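Below is one structure, written out as C-alpha cells; comments come after it.
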Amino acid sequence: MNYVLFDGQHHQKLKPLTLTRPVADLRVGIFKIQDKWKKILDQEVGVRSKDYLASKFNSNSGEVLYGISGALCPNEELCDAIHSLKDKTIMMKDGNVLAIKPLPKEEDLEKELEKYKVVEYTEVVNLIDRPMDIFLMNGKEILNDLSFIDTESIRSTEYGAGNLLLGDSVFIEEGAEINGATLNSTTGPIYIGKGVEIMEGSNIRGPFAILDDSILKMGAKVYGPTTIGPQCKVGGEVSNVVFQGYANKAHDGFAGNTVVGYWCNMGADTNTSNLKNNYGEVKSWSYATEEYEPTGTQYCGLIMGDHSKSSINTMFNTGTVIGAFVNVFDSGFPPKFIPSFSWGSKAGFETYDFDKAMEVAGVVMQRRGVELDDVSKAIYKAIFKQKTK
C-alpha cells in the first residue's frame, strides 16, 4: 500500500464525530474522505488511526510512501503536488500538515520527522479542520464528488409520476422511487442514490445528495447544501445538514447547519437553532481546547455524535455539541455541551449505564440488518472509560 490517511491532530479537533471512527471515515459531500482518495488515485488507500480504533478500521502502522492528512479532501492539483514531493519532506499549509513523504512507522514517527524538510503549499484546499467545516464545505464537495460518477448515464429530465424537475442537473440512480416531488437543481445539482424513496410532497433545492436506501418522508422541505447518508429517514425541514448515515429525523422540526452522526434519532419536533438572536458569531465547544470557541460563522446548529438521541420537542441552541451515546429526554434547551454517555435533561444529566446503552444500540442496529459486534463494543467501551475517568 502506497497511501495512508493519518488522523494527526484532527482526531481530537473533530470530536465527537471521530470518537467512533478515523477522520478519513467522515462523510462530506457524497463520499467519505477515504473513498474520495481511493477514487482519485484509483487504488487502495489505508488509514492510521488511534489504537482503540485500529482493529475495526485496519490501521496501518508501517512505513508507507505517502502519508496524507485524513482531514484533507483531494483534487487533481493537490495530488500532483503530493506526488512531486521529494523524500523526507512534510507539506504544510497554515500550520496544518497536509502530506508526508514517506510516512515513517508509527513507533518512529516523532524521531524521524525531526529530520524532514518542511515545504508550504500555496493553493486552496478543502481541509475539514472543525466539525462545522463538514456542512460549510458540503456544497463544494458535492460538486467535486460528482466528478467521480458517470452522471450522463443517470441524468434525468423526467422521472416517476407527478414530479416537477427544475434545471438540468438531476441525477437519479437505478432503483430510486420518486413521485409527486419538486426537485430544483437550478441552485445546485441533485444526486439520488440507489433504492432511495422520496415521498410525495417533498420539496428539494440543490446542492443535495441522498444516498442508497434512504427515505425522504412526505412533505419534507430540504435546502442545500444537504447530504443524507445511506439508510437514513428524514422529514420536516432541513437546511445545510449532513447526515453521516443510518440516522433518523423522521418527523417535523427544523435542523439547520448541522452534522448528525451514525445511529442517531431526533424525536418529533426536535429543533436546532442555527442563528443567534443578536445575529452574532456562534461559539461552539471544542474538544481540542476544552472550551467554547468562535466558529467563524453566524450559522451553526448541532454537532451530534454517534448513537445519540433526542426526545420529542427538544430544542438545541446554536452551536450545541453532544457526544456519543447521549440521551436527551426533556423538552426545552439542554446544555450547549453534553459529554458522551450522558442521560438526562436541562435539569441535569447522569452517566448512561454502559450495558443498557449496548442493549439499545444492538436493537437499533438490528433494525437495519447490522450486527453490534464485539469489535465495535470494545470501541464504545474505550469511549465510556474516557468519559468516566
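A few notes on this one:
- Total formal charge among the other residues, if their Cβ is under 9 angstrom from that of S342, Lys/Arg +1 and Asp/Glu -1: 0
- Within-9-Å neighbourhood charge of G62 [Cβ basis; K, R +1; D, E -1]: -1
- Shape metrics for the stretch 87-232, restricted to C-alpha atoms - Rg then Dmax, Å: 20.6, 65
- Nearest-20 debye value, the chain charge dipole, Cβ charges on Lys, Arg, Asp, Glu: 900
- Cα-based shape type of the stretch 179-236, given that a ≥ b ≥ c are square roots of the gyration tensor eigenvalues and the cut on a/c is 1.5: oblate
- Unit charges on C-beta of K, R, D, E only; dipole of the stretch 3-129, Debye: 340
- Modelled label positions at D108 and A268, each set 7 Å beyond Cα in the direction of Cβ, lie 6.2 nm from each other.
- Gap separating the Cα centres of the stretch 310-389 and the stretch 102-116, nearest whole Å: 37
- Ratio Rg/Rh, restricted to the chain and using Cα atoms, in which Rh is the Kirkwood radius: 0.97
- Simple rule: put +1 on each Lys or Arg Cβ and -1 on each Asp or Glu Cβ in the chain, find the dipole, and look at L275, P334, V4; the Cα lying farthest toward the positive end is P334.
- In order along the stretch 356-362, the Karplus-derived 3J(HN,Hα) couplings, from 6.51 cos²θ - 1.76 cosθ + 1.60 at θ = phi - 60°, round to 5, 4, 5, 4, 5, 4, x Hz, and Gly and Pro are given as x.
- For the stretch 56-123, the gyration tensor built on C-alpha atoms gives an oblate shape. Its axis ratio a/c (a ≥ b ≥ c) is at least 1.5, and a/b is not larger than b/c.
- Antiparallel DSSP beta bridges within the stretch 1-144, percent to nearest 5: 50
- Residue order, fewest to most surrounding Cβ atoms within 10 angstrom, among H307, H11, H83: H83, H11, H307
- Beta bridges per DSSP with both ends in the stretch 230-302, % antiparallel, nearest 5: 35
- Amide H contacts under 5 Å for T314, placed H, 5+ residues apart: T270, N271
- Efficiency of FRET from Cβ geometry, N179 and E350, R₀ 51 Å, rounded to 0.05: 0.65
- Separation between Cα centres of the stretch 1-36 and the stretch 203-223, rounded to whole Å: 25
- Each DSSP beta bridge with both residues in the chain is either parallel or antiparallel, and the antiparallel ones are about 25%.
- Length gained when the stretch Q386-D252 is fully extended (0.36 nm per residue, less Cα-Cα span): 44.7 nm
- Packing rank of 308-321, 254-267, where each peptide gets the mean count of other beta carbons within 10 Å, highest leading: 254-267, 308-321
- Applied to the stretch 256-269, the Karplus parametrisation 6.51 cos²θ - 1.76 cosθ + 1.60 on θ = phi - 60° returns per-residue 3J(HN,Hα) values of x, 6, 9, 10, 10, x, 7, 6, 8, 9, 9, x, 4, 6 Hz, with x for Gly and Pro.
- By the count of other C-beta atoms within 10 Å, a proxy for reagent exposure, K38, K276, K249, K86 are ordered fewest to most as K86, K276, K38, K249.
- Ranked R48, R155, R130, R367, criterion: other C-beta atoms within 10 Å, fewest first: R367, R155, R130, R48
- Between the amide H of A181 and those of N163, L164, G201, distances stay under 5 Å, these residues lying 5 or more places away or on another chain, with hydrogens modeled in the peptide plane.
- Placing unit charges on the Cβ atoms of the charged side chains and taking the dipole of the chain about its Cα centre, the candidate lying farthest along the positive direction among V242, A361, T157 is A361.
- Modelled this way, with points 7 Å down the Cα-to-C-beta line, the labels at E123 and I312 are 5.4 nm from one another.
- Dimensions of the stretch 1-104 along the principal axes, based on C-alpha atoms and rounded to the nearest Å, stand at 34, 29, 29, largest first.
- The stretch 56-100 and the stretch 229-250 have their alpha-carbon centroids 31 Å apart.
- For the stretch 242-361, the Stokes-Einstein estimate of translational diffusion at 20 °C and a viscosity of 1.002 mPa s comes to 151 µm²/s, using the Kirkwood hydrodynamic radius over alpha-carbon pairs.
Read-outs throughout are calculated quantities, based only on the coordinates presented, and are distinct from any laboratory measurement. The structure displayed is predicted, hence computed values, not measured ones. Reconstructed Cβ throughout: ideal geometry from the backbone, glycine too, with neighbour counts over all protein chains shown.
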